[in-house]
Amino acid sequence: MMRLSKYAKIGWCVVLCWGISQAALGQTELPKPKYIAVERSFWGMKYIYERQTIENPLALQIPLLQLQDPEVSSRFLKFKSQRKAMQWVNIASAGVSLYTIFNRDKVSNNFYWTSLGSALVITTYLNFRSTVHLSKSIARYNQLQLQQSRIGLSINQTSDQTPVIGLGWKQTF
């Protein structure tokens, strides 16, 4: 077995300590999330994120939730749960239709048309509400992404009615 000299041991300790300090103190800058553009057309909406066209809004889950803003996350999760409820209503409506096809004499016309009409109304309402939640979530996301340095002025009064003027500066790092 070969023994290391005193200087080799010191050299290895220096290299080891330097490596640990680089791993512990080295900070890498996280890439800043990009802006989400919305294109509306007659057939639906398309979303553009990082120069990629996205047709399914559920694909925006990662950038929206990665921002870790409570309002953006809450609105997107409401959108997601309402879309899930729409799927369940559509499954129930399809089940009623299939049952009616195979058992025509057991289901009345009034029940059939009432169930399909109510399913249509419920899914239309949920679709509208979920789209509103998604739009507000994206708008808030874009608002937070576009915030730059801001300078503000505020005037308040103390308890003895003395005016106080304040100057604020907000810088994002």
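All of the numbers you see were taken from the coordinates with simple rules; none came from a lab. For clarity, every value in this text was computed on a predicted model and none was experimentally measured. Counting neighbours? That spans all protein chains shown, and the Cβs are built from the backbone with ideal geometry, glycine included.
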**OP:** Place the peptides 69-76, 124-131 in order of packing, highest mean first, counting for every residue the other Cβ atoms within 10 Å and averaging per peptide.
**Re:** 69-76, 124-131
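Stretch LYS6-TYR99 to full length: gain in nm at 0.36 nm per residue minus the Cα-Cα span?
Numbers: separation 93, 0.36 × 93 = 33.48 nm, distance 8.62 nm.
So the chain would gain 24.9 nm between LYS6 and TYR99.
Once the Cβ-Cβ distance between SER118 and LEU153 is put in as r, and R0 is 35 Å, what FRET efficiency do you end up with, to the nearest 0.05? Don't skip to the answer; put the middle values down first.
Numbers: r = 55 Å, r/R0 = 1.57.
The value I calculate is 0.05.
When N counts the residues of the range 68-173, how does its alpha-carbon radius of gyration compare numerically with 2.2 N^0.38 Å, as a ratio?
It is 1.97.
Decide, for the range 61-112, between rounded, prolate and oblate: order the square roots of the alpha carbon gyration tensor eigenvalues as a ≥ b ≥ c, take rounded if a/c falls under 1.5, and otherwise choose prolate if a/b is larger than b/c, else oblate.
Numbers: a/c = 9.34, a/b = 4.45, b/c = 2.10.
Prolate shape, in that a/c is at least 1.5 and a/b is the bigger ratio.
Using the structure shown, select from LYS34/LYS136; LYS46/LYS84; LYS34/LYS84 the pairs with a Cα to Cα distance greater than 25 angstrom.
Working: LYS34/LYS136 17 Å; LYS46/LYS84 20 Å; LYS34/LYS84 27 Å.
Result: LYS34/LYS84 exceed 25 Å.
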Original post:
Quick one: net charge of VAL132's neighbours, Cβ under 11 Å, K/R +1, D/E -1?
Top reply: +4
**OP:** Could you tally the net charge around LYS84, taking each other residue with its Cβ under 14 Å from the Cβ of LYS84, Lys/Arg +1 and Asp/Glu -1?
**Re:** +4
